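Data block below; observations after.
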Amino acid sequence: MTSVPAPTSSPSVTVRDLGVPVKAVSWVRLHPGRGPDGKASLLATMGQNNGGLFALDIDLATGHCRQLNAKSAVQQYPISAFRSPRTGLLYIGTHTDGHLLRYDPAQPERGLEDLGVIDGDQAIFPTGITEAPDGTLWIGGYPGCTFTQYDPATGEFRRLGSVDPEDKYLYPLSGCDGSLAALTKFTHPHIVAVDPATGERKTLGPVLNPEDKSQRILFYKGLDGRLYLETHEGNFRISGLALEPVTYLPPAMPGIHATYKHSYQEVLPMPEGLLAAWADGEEGAGIYKHLLLTSTNPTVAPRTLALDWEGGGSNIFMLHPGADGNIYGSSFLPEHLFRYNPATGEMANLGRCSVSMGEAYTMGNFSDGTIAIASYPHSRVSLYDPKKPYRFGTDESANPRDIGRLDQIGIRPAGMAIVPQLTRADGTVVPEKMWIASLPDYGLWGGTLAWLDPKTGAHASHRHLVPDCSPFSLLWLPESKLLLVGLSTEGGTGTQIKARNGAFVLWDPIEDRAVYTGDFGLKDLPSIQALAPAGPGRVYAQLSHSRFAANTMGAEKTRPRLALIDVAARQAVAESSLPDDYGVMSDQAQFCVFPGPDGVYGRTEHVLYRIKPGTCDTEVVHRLAAGDGFEATGPWIGRTFYFGSAWRLRALTLPE
């Protein structure tokens, strides 16, 4: 654990909590079965940040929920959750500590029992759980691409280790005939069959190239209980360590039996002819308070249950100053747009703003006050006019309106810039455009720089500005009419970094091409996490690898650095590493340098600092205590800095 020095600042600096903007849930799944009395039973699993993940045992007569919260606050997402059809027991693989939990509806007083660690640091993100005919469980794990067996009869784990040296994700399924296999993702997706008795493994079927979108593997458990592959090379059934071609593919078994599905919103069959579905799931954007029960018996009327579970709060991912004076922000998992009025203190959870439902990575203001929102996954773009009524959708009159992707590669839109209307030398007008910088999709290298004309919908995208690097940070330079692009060495999630260094690109938005690519004389250049204006012709850049890249992608762990760049001279004029006692960057490292009162400021996870003008020297403005963090950068309004600490919106005010 990193040591954090005691909080320090001027005694007159004040920090206030403004509230929790969003209380919603993610990774929501329904788990039908039979209860201890033999009657229809319904459980649910939900993830959240404040309070950790929880399970619900739902009373099908009243909607009352027995809520069972995980005992550890770090157990936030039930990414792998499985209810045994044999026993009715519920199992949960926890993110981020990789434990296996169990709930027995016959013994509700025991709550969520912690059965232990699945496979240590090799399985901090359990990707899936499946049950073999002998009653043992098989669990896939990230980042080790590991396979682990758990025997409920003995309480023992049997760890088979990694099934692939390059891929990190593993999604397992077991067939009713005893066949056991798993799909690896994302650098070269393929099926690995495993002999459960000996641990022998064998690759079956095609090995995919993620760059080739015509290739596919759909791996699922059919209604007959057998394992099937639908691929670009044909359709197959798995039998032990062999593939058998088939001419007919049965439908997938309902529930969590298809490794290509992550949204389980279908109607699920229950005992006694009941059918369960969320009445406000996807449309309710993470609300999940109403359950629709129907029946296969046409004489039984449908009914909606109001559920009484309580949420604690969703983490804030980013904050943005609107042209109307309000602050807008995004929660993550699920993605809600919220609004805070600094003048009145009013806070409003506006709801869903994107098809993505992950998080809004970045936002920007067009000249008419419309807010552009770019969201993970798939770098989808939404347009929102705060002057008009709020109604999310994809149709022409929706507000916000999700208009989709600008290319098929970008997935995490880390940077955005709004470039105003420009005029060519011949008098031709180039309209106002939004530009976004995106990391690539899972398993790929080389992100994209894309633009959109919001009036016409015209757009274009550029990839590999520097081979195997990704556009990450953007800054419009009005004096030179150029767009400064900071490139990261990161590839898509699940990859190892290929590029040795990041880079800078100066992009001409009129001609839509690069006019400079280089390092401005900076040596051993890591990723360029953030850019901020430092006066005419000058820019501050924060140089570091993200904590995520260092922990999972093989990036070198180095101290974050600041550089002051003279853009016209194509040269850095000052450079300095941040002091060791400033600590580390938060996972949301973008926007870590930014304009403020009397100059440019920056943040690490626990320190807000000011850069002394014309230099790369810094001074501490405020140091937060351990347990708090400057995790989402907001705007300065006057002498007040708005930021997010986990699920809390907060404000720091400097003395006059």
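The residues of region 592-611 that are exposed (fewer than 15 other Cβ atoms within 10 Å of the Cβ) and over 16 Å from residue 539 (Cβ atoms), listed by number, are 597, 598.
Residue by residue, here is whether (1) assigned by TED's automatic domain parsing to the domain that holds residue 185; (2) free of Cβ contacts under 8 Å to residues at least 60 places away in the same chain; (3) closer than 26 Å to residue 588 by Cβ holds:
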{"residue": "463", "(1), (2), (3)": "no, yes, yes"}
{"residue": "482", "(1), (2), (3)": "no, no, no"}
{"residue": "488", "(1), (2), (3)": "no, no, yes"}
{"residue": "555", "(1), (2), (3)": "no, no, yes"}
{"residue": "571", "(1), (2), (3)": "no, yes, no"}
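Of the strands (runs of 3 or more DSSP E) lying entirely inside region 539-654, those containing at least 1 residues that are of a type in the set (A, V, I, L, M) and over 24 Å from the mean Cα position of the chain (by Cα) are 561-566, 571-577, 599-603, 607-611, 618-623, 632-637, 648-653. When restricted to residues that are acidic (Asp, Glu) and free of Cβ contacts under 8 Å to residues at least 24 places away in the same chain, region 301-322 contains 0. Tell me the strands (runs of 3 or more DSSP E) entirely within region 278-350 that contain at least 1 residues that are under 28 Å from the mean Cα position of the chain (by Cα), at pLDDT 95 or above and over 30 Å from residue 59 (Cβ atoms). It comes to 316-321, 327-331, 337-340. So, of the residues in region 20-61 that are hydroxyl-bearing (Ser, Thr, Tyr) and closer than 19 Å to residue 253 by Cβ, which turns out to be nearest to the chain's Cα centre (by Cα)? Among residues in region 20-61 that are hydroxyl-bearing (Ser, Thr, Tyr) and closer than 19 Å to residue 253 by Cβ, the one nearest to the chain's Cα centre (by Cα) is 45. The residues of region 351-373 that are part of a loop (DSSP other than H, G, I, E, B) and either farther than 20 Å from residue 454 by Cα or touching a Leu at 6+ places or on another chain (Cβ under 6 Å) (or both), listed by number, are 352, 353, 357, 358, 370.
Okay, residues lined up against (1) touching a helix residue (DSSP H, G or I) at 6+ places or on another chain (Cβ under 8 Å); (2) more than 17 Å from residue 520 (Cβ to Cβ); (3) β-branched (Val, Ile, Thr):
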residue	(1), (2), (3)
452	no, yes, no
455	no, yes, no
461	no, yes, no
469	no, no, no
473	no, no, no
483	no, no, no
488	yes, no, no
497	yes, yes, yes
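Scanning region 137-164 for residues that are over 17 Å from residue 183 (Cβ atoms) and either in the same structural domain as residue 47 (by TED's automatic domain parsing) or not polar (S, T, N, Q) (or both) yields 137, 150, 151, 152, 153, 155, 156, 157, 158, 159, 161. Does residue 75 satisfy the condition of being of a type in the set (S, T, N, Q) and surrounded by 17 or more Cβ atoms within 10 Å (Cβ to Cβ)? Considered against the rule, which asks whether it is of a type in the set (S, T, N, Q) and surrounded by 17 or more Cβ atoms within 10 Å (Cβ to Cβ), residue 75 comes out as yes. For region 201-223, a tally of residues being in contact (Cβ under 8 Å) with a residue 24 or more places away in the chain and touching a strand residue (DSSP E or B) at 6+ places or on another chain (Cβ under 7 Å) returns 11.
Just for region 17-54: of the residues that are β-branched (Val, Ile, Thr) and assigned to a strand (DSSP E or B), which one is modelled with the lowest pLDDT? The residue in question is 28.
In region 325-345, the residues that are under 21 Å from residue 50 (Cα atoms) form Cβ pairs under 9 Å with partners that are assigned to a strand (DSSP E or B) and acidic (Asp, Glu), at six or more places apart or across chains, as follows: 330/359; 331/359; 332/359; 333/359; 334/359; 335/359.
With respect to being surrounded by fewer than 23 Cβ atoms within 10 Å (Cβ to Cβ) and within 30 Å of residue 167 (Cβ to Cβ), residue 442 fits the description. When each of 193, 182 is tested for being in the same structural domain as residue 145 (by TED's automatic domain parsing), under 27 Å from the mean Cα position of the chain (by Cα) and touching a residue at least 40 places away in the same chain (Cβ under 8 Å), the lone residue that passes is 182.
Beta carbons closer than 9 Å, at least 6 apart along the sequence or on distinct chains, pair a first residue in region 386-413 that is closer than 24 Å to residue 590 by Cβ and surrounded by fewer than 16 Cβ atoms within 10 Å (Cβ to Cβ) with a second that is at pLDDT 95 or above and of a type in the set (A, V, I, L, M) for 404/381. Does residue 42 satisfy the criteria of being in contact (Cβ under 8 Å) with a residue 24 or more places away in the chain, touching a Ser or Thr at 6+ places or on another chain (Cβ under 7 Å), of a type in the set (A, V, I, L, M, F, W, C) and on the phi < 0 side of the Ramachandran plot? When the stated conditions are applied, residue 42 does not pass them.
Residue-by-condition table, conditions (1) within 26 Å of the chain's Cα centre (by Cα); (2) at negative phi:
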position	(1), (2)
376	yes, yes
405	yes, yes
420	no, yes
427	no, no
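Of the strands (runs of 3 or more DSSP E) contained entirely in region 82-122, those carrying at least 1 residues that are among the charged types (D, E, K, R) fall at 99-103, 113-117.
The values are calculated or read from the model by the stated rules, or taken from the named source; none is laboratory data. Not measured: the values here are computed from a predicted model. FYI the Cβ positions are ideal-geometry reconstructions off the backbone, even for glycines, and counts take in every protein chain you see.
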